[in-house]
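**Student:** This is the structure I want to talk about, given as structure tokens.
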Amino acid sequence: MEFVKLVYLLLLVAPVSIFIHEFGHAIAAWLIGADRIYISIGVGKKGKTVIVGKVHMIIYPLFFLGGVATSERQPCYTRLEIIFISIFGPFVSGVVVIICWFFYQMNANSLIQLFLLFNAWLSIINLIPFRYQGKRTDGYVVFNLLLKQIKGN
């Protein structure tokens, strides 16, 4: 049964949760008028690209190993708009946690629990400000923008 849970985590929970998180950033960018939105899921050599309107989605072969959402707009985003976009990913992951919690209350099983816990981890870890191997968490982006605002840059 543990092997089944691992496969479930890698092939369903992680990529779906990562997509939902990155889609949260995309929704925020769309709400404030992004010209183009890019969602990348996974790592590896370039895989499949799907374009729907302003949204360009790229799915890499190791689709369970992270994701990134970026967007462009002219004129450039303000600091407040960047903060809004950055926070919306963890916010959407948090909403998924609440929804999963309600489902878990109705039908307590380990598959729902795993989805709930992964999304909670995804939301919380992205709010902690740190940088690792050139990648920045949403919390890092927000923290730096707030520091710049305080310093008056």
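**Student:** Could you tell me whether residue 41 is assigned to a strand (DSSP E or B), of a type in the set (A, V, I, L, M) and surrounded by fewer than 16 Cβ atoms within 10 Å (Cβ to Cβ)?
**Tutor:** No, not satisfied.
Here is a yes/no grid of residues against (1) part of a helix (DSSP H, G or I); (2) among the hydrophobic types (A, V, I, L, M, F, W, C); (3) buried (at least 18 other Cβ atoms within 10 Å of the Cβ):
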site: 95; (1), (2), (3): yes, yes, no
site: 105; (1), (2), (3): yes, no, no
site: 139; (1), (2), (3): yes, no, yes
site: 150; (1), (2), (3): yes, yes, no
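**Student:** Identify, by number, the condition in (1) among the aliphatic types (A, V, I, L, M); (2) under 17 Å from residue 69 (Cβ atoms); (3) in contact with a Phe, Trp or Tyr (Cβ under 9 Å, 6 or more places away or on another chain) that residue 95 doesn't meet.
**Tutor:** Every listed condition holds for residue 95 apart from (3).
**Student:** Any idea which of 125, 112 is closer than 20 Å to residue 10 by Cβ, among the hydrophobic types (A, V, I, L, M, F, W, C), over 16 Å from the mean Cα position of the chain (by Cα) and not in a strand (DSSP E or B)?
**Tutor:** 112
**Student:** So which of 143, 63, 130, 103 is in contact with a helix residue (DSSP H, G or I) (Cβ under 8 Å, 6 or more places away or on another chain), aromatic (Phe, Trp, Tyr), more than 29 Å from residue 44 (Cβ to Cβ) and free of Cβ contacts under 8 Å to residues at least 60 places away in the same chain?
**Tutor:** Values: 143 fails: in contact with a helix residue (DSSP H, G or I) (Cβ under 8 Å, 6 or more places away or on another chain); 63 fails: more than 29 Å from residue 44 (Cβ to Cβ); 130 fails: more than 29 Å from residue 44 (Cβ to Cβ).
Within the list 143, 63, 130, 103, the selection yields 103.
**Student:** Collect the residues in region 44-80 that are part of a loop (DSSP other than H, G, I, E, B), out of contact with any Leu (no Cβ under 8 Å at 6 or more places or on another chain) and more than 25 Å from residue 32 (Cβ to Cβ), keeping them in residue-number order. Walk me through how you get there before you give the answer.
**Tutor:** Of region 44-80, the ones part of a loop (DSSP other than H, G, I, E, B) are 44-47, 53-54, 60-61, 73-78.
Adding the requirement that they be out of contact with any Leu (no Cβ under 8 Å at 6 or more places or on another chain) leaves 45-47, 53-54, 60-61, 73-78.
Those that are part of a loop (DSSP other than H, G, I, E, B), out of contact with any Leu (no Cβ under 8 Å at 6 or more places or on another chain) and more than 25 Å from residue 32 (Cβ to Cβ): 45, 46, 47, 60, 61.
**Student:** A follow-up question, please. Take the residues in region 128-137 that are modelled with pLDDT of 90 or more and exposed (fewer than 13 other Cβ atoms within 10 Å of the Cβ), then tell me which one is nearest to the chain's Cα centre (by Cα). Give the derivation first.
**Tutor:** Here is the first cut: in region 128-137, the ones modelled with pLDDT of 90 or more are 128-131, 136-137.
Next cut, exposed (fewer than 13 other Cβ atoms within 10 Å of the Cβ) only: 128, 130-131.
Working: 128: 14, 130: 15, 131: 16 Å.
Going through the qualifying residues, I end up with 128.
**Student:** Also: For residues that are modelled with pLDDT of 90 or more and outside any helix (DSSP H, G or I), scanning just region 1-38, find the one that is nearest to residue 79 (Cα to Cα).
**Tutor:** It comes out as 32.
The values are calculated or read from the model by the stated rules, or taken from the named source; none is laboratory data. Just so you know, these numbers come straight off a predicted model, no measurement behind them. Positions of Cβ are backbone-derived with ideal geometry, glycine not excepted, and every protein chain shown enters the neighbour counts.
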